[in-house]
Amino acid sequence: MSTPELWTIDICADHLGIKESSARSLLSRRDVERVDTIRHPISGRPLARYPADKVRAVAADRRPGRRTDKA
């Protein structure tokens, strides 16, 4: 049995192309729950991990955002 691939929020945000705080909100709205929490190896801060396949599904399903820089 294989273990699911898990991503921390910084990897999720990078894949989604948004800030970490926005990624947390988006994943929460899309009902993607964290699988577990690990400790950062240096700072000891908790790091939530999310299932990579669900994050990829959210990324594939996202609509393009509104552009505010167009005339």
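Note on R63 and S25: the extension gain reaches 12.1 nm, defined as 0.36 nm multiplied by sequence separation minus the Cα-Cα distance.
The overall shape of segment 1-57, judged from the alpha-carbon gyration tensor, is oblate: a/c is not under 1.5, and a/b is no greater than b/c. Averaged over its residues, the chain has an accessible area of 81 Å² per residue, based on protein heavy atoms and a 1.4 Å probe. For the chain, give the percent of accessible area contributed by carbon and sulfur heavy atoms, probe 1.4 Å, rounded to a whole number. Here carbon and sulfur together make up 47 percent of the probe-accessible area.
The values are calculated or read from the model by the stated rules, or taken from the named source; none is laboratory data. Bear in mind the structure is a predicted one, so any value in this text is a computation, not a measurement. Only protein heavy atoms, including side chains, enter the accessible area calculation; ligands, DNA and RNA are left aside. Shrake-Rupley method; radii C 1.70, N 1.55, O 1.52, S 1.80 Å.
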